[in-house]
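J.: I have a structure here, written as structure tokens, and I will follow up with some questions on it.
The values are calculated or read from the model by the stated rules, or taken from the named source; none is laboratory data. Keep in mind that what you see is a predicted model, and the values were worked out from it rather than measured. No Cβ is skipped: glycine too gets one built from the backbone with ideal geometry, and neighbour counts run over all protein chains shown. These accessible areas exclude ligands, DNA and RNA; they are computed on the full protein's heavy atoms, side chains included. Shrake-Rupley method; radii C 1.70, N 1.55, O 1.52, S 1.80 Å.
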Amino acid sequence: MLDLDLRSILKCVRCGACRSVCPVLEEVGWESAGARGRILVAHGISQGLDVDADVLESLNTCMTCGMCKQMCPAGANPTYVIENTRRQLVMRGEMTEAQRKLNERIMESGNSLGEVSDRRSWLSEYKGEIKETAGYVYFVGCLGAYRYPESVVATFDVLSRFDVTILPDEICCGSPLIRTGFDVDELIAHNIEQMRKVGAHTFITSCAGCHNTLIQSYPDEFEVMHVSEFLEQHLPELQLRRLKLTVTYHDACHLGRCRGVFDAPRRVIEAVCDLKEMKTNRENARCCGGGGGVRTGYPDLSLALAKKRLEEIPDGVDYLITSCPLCTKNLIEGGSDTDVLDLVELVRLAIE
Amino acid sequence: MDLIKKLHEIVGIDRATTSPMQLYCYSSDSSQIRGTPECVVRPQNTGQVSQVLRFANEHDIPVTARGAGTGLAGGAVALEGGIVLDLSGMDRILDIDINNLQVAVEPGVIHSRLNEVLGTEGFFFPPDPGSSEMCTLGGLIANNGSGMRSVKYGTTRSYVLDLEIVMADGSVINTGSKTLKSSAGYDLTRLMVGSEGTLGIITKAVLKILPLPKARTVVLASFDNPVLAGEAVVKTLSAGVIPSACEILDRATVEVLNAYDPNIAIPDAGATILFELDGTVSSVKEQAKIVEAVCMPFASGIRIAAGGEEMKEIWSARRLVGAAISRIDPNKTRVYVGEDIGVPIKEVPRMLKFIQSISGEFGLPIITYGHIGDGNLHTGMCIDMLDNEQWKQLDLAADKIHRTAIMLGGTVSAEHGIGSARSKYMRLERGNALDVMILIKRALDPRGILNPGKLGL
Ligand SMILES: Cc1cc2nc3c(=O)[nH]c(=O)nc-3n(C[C@H](O)[C@H](O)[C@H](O)COP(=O)(O)OP(=O)(O)OC[C@H]3O[C@@H](n4cnc5c(N)ncnc54)[C@H](O)[C@@H]3O)c2cc1C
Ligand code: SF4
Ligand code: SF4
């Protein structure tokens, strides 16, 4: 029996106000591609609508960007309804091939990319020491560890000047699986045990997905900070020099809209160079197109949405700064003409 | 011939579907009316609409037009199956002709987008629905919608100069011309506006636009009860001030607004009136003074909004307050029924009293807000959607609200349309004029394929 939480579905008054903000609906056009449509689909399932490929597509093309939730006048929570419905269907064994594979990959390899190589191989480029115990742990994340080693090295290079270490055996935080409907108790238990071993009280994240998940799905035992928040607190100690650059900043949905981290990255950027905002920013920033499993499940849609976001880069900027490797990846693959750079790599330029 | 095969031939494989999931998503609008189509089509141009209609007419297949599906009367819901034509993808602004004070648009253009674009030229399209951010101009025209500014600027009907219409048999006509006025024959434009997709499909519209006023201000007046507020409005209008908006909010509505956007601090009062005044800087000041003087004897407090930012916030929250009243109770949801009555302005205070007593009689809190300046009141009711008894009470209360409005010489729908939710009141409200409407419908759509089951036809 599915527990679709009918009350949360019925909270939607079907006003359609979310039609004005959903980037996927704008791209796809069918009612089923917006928040109202997806809630209707969830309602349909509760009324016996067959779960076929189209139903899964409607539910799975949501980027969980939270635009709809933020603006819903009625106080409905579409992202919760969508994620809960995905979860209920997964529990009943109903999922797409992309979902099934993602789950297999992470459960087998401990990372979202299915990599079998050493998650810590980036350390070969890292020259400093690794503390055995520390108050803070830099939670590297799968995408950083395997795809953006330079930016991970840069981040740890900056962070390790403080009371920060890394986990001896970090695995995926579980974000991609939670977003697509799976339970991740094992992954959570593993990472928590590692945290306890290191004696840390705080996670430092450099990925919006990890950040949101560590806050939302991990026990309250640990604090969670984004690397921009940590750096903001330590700006004076970093003695950064000013760079002759103008950059723009892309707010990651799960860091900004979902967790309210808007100011810290901006303060860090402004400490080293000039900032020019993108057309939509802060609470109203468009998604990079990568979230919610859309990058994996619907690459064409995801890249089309990345292109729309790239159109919002203002003229005359040297870099597009991001604070999440998934956004970085999607915006680069979306064909950015402007170089995309991680926030901490920018900070590193101001240290050297 | 296989319907979906033919539709795929006309619009392409990606733009017509019979997927049960899609059909479910198109089986409702923002009302409680439900009806599942056999297929949904998303045409891209007039030619495709024309071909779909010709085929549908030849085979007696019902066709229901749909814009954004934000209608509150089930207008876009296919009651007898057939085809839903989703026109939201025909969304180009075709021409902005400032010298002729007009724009040409496709029906899927979103209302707010038109005004954003026009605003950069110093112009605007005055009808101002709460659903501005999401409704299409096609839907607005088909419903003769309006909004907060209709007290001064009138309804959509006053701004439509010409419509390109695909008739039931697939032929294409233009109802008007590019001139700002015309005496050439029957006014088919005005006939089509408000016809809710029962006489033809709008594929293009030429709309009159106006220069943006130089100045706007908002006066917030608080009253001990809605009846005093109603009297103050009647006196203001008869003192010769026509506000560009004149909105009533009862106590609960103010609570909801303040909770929805905590930056808006409207004082708690039995009722609040928001007067918006526009014009030149000096005329706005002068009008504000008159409003203050006229309201003073009735009001418990009066203040002028701090500036543009505050006004913007008040209006954007006010626009969506109808949905926001769902926030009052986590287990209840706003249900749009009986929500759009209009009464002669003089009868507003009486209607407000009736609403209070209907609320008591059926044990349902009724939140009242609306465009009091033109007699259009929105009554908002929230119920526990899982409680059948509450549904029953809700329907009874809505029925009484509708009948009371008609009894006072009013209408069951001032701007949202009749659709199927209110079709049973057409005879009562329109008498034998309904027979003329039926004759017109038969003449223009002899096989009855266009949006069957609507308007009491
Ligand atoms: C929160 C909220 C606030 C609202 N506030 C207001 C308000 O202040 N004022 C107001 O007037 N309304 C308001 N409405 C009601 C609604 O938004 C309007 O009626 C709107 O104009 C409908 O537009 P739509 O594109 O959603 O049309 P739909 O709901 O899709 O269709 C409405 C009707 O138009 C017909 N139609 C649509 N497109 C065409 C076409 N191209 N050719 C022929 N027929 C067509 C449909 O068949 C249907 O009968 C509100 C609704 C909501 C949910
Ligand atoms: S999710 Fe919210 S904004 Fe969207 S249709 Fe439902 S109530 Fe309206
Ligand atoms: S979370 Fe984003 S993508 Fe998903 S329905 Fe809401 S607005 Fe659309």
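J.: Scan the stretch A:24-37 residue by residue and report those that are within 11 Å of ligand 3 (Cβ to nearest atom) and not hydrophobic (A, V, I, L, M, F, W, C).
T.: The answer is A:Glu26, A:Glu27, A:Ser32, A:Gly34, A:Arg36, A:Gly37.
J.: From the list B:Tyr186, B:Tyr153, which one is surrounded by 21 or more Cβ atoms within 10 Å (Cβ to Cβ) and aromatic (Phe, Trp, Tyr)?
T.: Criteria check complete, one pass: B:Tyr153.
J.: Would you point out the residue of the stretch B:11-53, among those that are in contact with a Pro (Cβ under 8 Å, 6 or more places away or on another chain) and farther than 19 Å from A:Gly34 by Cβ, that is nearest to the other protein chains (Cβ to nearest Cβ)?
T.: Among those that are in contact with a Pro (Cβ under 8 Å, 6 or more places away or on another chain) and farther than 19 Å from A:Gly34 by Cβ, it is B:Val11.
J.: As an exercise: evaluate B:Thr404 against (1) open to solvent by less than 30 Å² (accessible area, probe 1.4 Å); (2) in contact with a Gly (Cβ under 7 Å, 6 or more places away or on another chain) and give the number of the one condition it does not meet.
T.: If we test B:Thr404 against (1) open to solvent by less than 30 Å² (accessible area, probe 1.4 Å); (2) in contact with a Gly (Cβ under 7 Å, 6 or more places away or on another chain), just (2) comes out false.
J.: Moving on. From (1) away from every other protein chain (no Cβ under 14 Å); (2) closer than 19 Å to B:Leu140 by Cα, pick out the condition that doesn't hold for B:Gly74.
T.: (1)
J.: Next question, about the same structure. Do we have A:Glu83 as within 10 Å of ligand 3 (Cβ to nearest atom) and either modelled with pLDDT of 95 or more or among the β-branched types (Val, Ile, Thr) (or both) here?
T.: yes
J.: On to the next question. Name every residue in the stretch A:3-24 that is open to solvent by less than 10 Å² (accessible area, probe 1.4 Å), within 7 Å of another protein chain (Cβ to nearest Cβ) and in a helix (DSSP H, G or I), in order of residue number.
T.: Answer for the stretch A:3-24, where residues must be open to solvent by less than 10 Å² (accessible area, probe 1.4 Å), within 7 Å of another protein chain (Cβ to nearest Cβ) and in a helix (DSSP H, G or I): just A:Ala17.
J.: Mind listing whichever residues of the stretch A:25-45 are facing another protein chain (nearest Cβ under 9 Å), within 16 Å of ligand 1 (Cβ to nearest atom) and open to solvent by 20 Å² or more (accessible area, probe 1.4 Å)?
T.: A:Trp30
J.: Can you say whether B:Pro330 is within 14 Å of chain A (Cβ to nearest Cβ), surrounded by fewer than 23 Cβ atoms within 10 Å (Cβ to Cβ) and either among the polar types (S, T, N, Q) or in contact with a helix residue (DSSP H, G or I) (Cβ under 9 Å, 6 or more places away or on another chain) (or both), as far as the supplied structure shows?
T.: Criteria met by B:Pro330.
J.: Considering only the stretch B:84-94, I want to know if a residue exists there that is free of Cβ contacts under 8 Å to residues at least 60 places away in the same chain, facing chain A (nearest Cβ under 10 Å), β-branched (Val, Ile, Thr) and open to solvent by less than 10 Å² (accessible area, probe 1.4 Å).
T.: yes
Residue by residue, here is whether (1) part of a helix (DSSP H, G or I); (2) more than 13 Å from chain A (Cβ to nearest Cβ); (3) aromatic (Phe, Trp, Tyr) holds:
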position	(1), (2), (3)
B:Phe298	no, yes, yes
B:Ala306	no, yes, no
B:Gly322	yes, no, no
B:Arg334	no, no, no
B:Ile358	yes, yes, no
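J.: Could I ask something else about it? Say whether the condition of being within 10 Å of ligand 3 (Cβ to nearest atom), over 21 Å from the mean Cα position of the chain (by Cα) and of a type in the set (D, E, K, R) is met by at least one residue in the stretch A:1-23.
T.: Checked the stretch A:1-23: at least one residue is within 10 Å of ligand 3 (Cβ to nearest atom), over 21 Å from the mean Cα position of the chain (by Cα) and of a type in the set (D, E, K, R).
J.: I would also like to ask the following. Taking the stretch B:336-356 on its own, how many of its residues are surrounded by 17 or more Cβ atoms within 10 Å (Cβ to Cβ), assigned to a helix (DSSP H, G or I) and not acidic (Asp, Glu)?
T.: Count: 7.
J.: Now a separate question. Take A:Glu170 and tell me if it is among the charged types (D, E, K, R), more than 30 Å from A:Val51 (Cβ to Cβ) and in contact with a Pro (Cβ under 8 Å, 6 or more places away or on another chain).
T.: Taking the combined requirement at face value, the residue does not satisfy it.
J.: One residue is enough: does the stretch B:31-41 have a residue meeting the conditions open to solvent by 10 Å² or more (accessible area, probe 1.4 Å), touching a helix residue (DSSP H, G or I) at 6+ places or on another chain (Cβ under 7 Å) and more than 16 Å from ligand 3 (Cβ to nearest atom)?
T.: Checked the stretch B:31-41: at least one residue is open to solvent by 10 Å² or more (accessible area, probe 1.4 Å), touching a helix residue (DSSP H, G or I) at 6+ places or on another chain (Cβ under 7 Å) and more than 16 Å from ligand 3 (Cβ to nearest atom).
J.: Looking at the stretch B:153-181, I want the residues that are closer than 22 Å to B:Leu85 by Cα and have a partner that is open to solvent by 20 Å² or more (accessible area, probe 1.4 Å) and among the basic types (Lys, Arg) with Cβ atoms under 6 Å, at least 6 apart or on another chain. Which pairs are those?
T.: B:Glu164/B:Lys204; B:Gly170/B:Arg54
J.: Also, I was wondering about something else. Taking the condition of being within 16 Å of ligand 2 (Cβ to nearest atom) and within 23 Å of B:Leu274 (Cα to Cα), how many residues in the stretch B:112-160 meet it?
T.: Residues meeting the conditions: 6.
J.: Oh, and also: Out of all the residues in the stretch A:141-152, is one or more surrounded by fewer than 19 Cβ atoms within 10 Å (Cβ to Cβ), out of contact with any Pro (no Cβ under 7 Å at 6 or more places or on another chain) and more than 14 Å from chain B (Cβ to nearest Cβ)? Reasoning before the result, please.
T.: Keep residues of the stretch A:141-152 that are surrounded by fewer than 19 Cβ atoms within 10 Å (Cβ to Cβ), which gives A:147, A:149-150.
Checking which are out of contact with any Pro (no Cβ under 7 Å at 6 or more places or on another chain) leaves us with A:149-150.
Next, only the ones that are more than 14 Å from chain B (Cβ to nearest Cβ) stay: A:149-150.
Yes - at least one qualifying residue is present in the stretch A:141-152.
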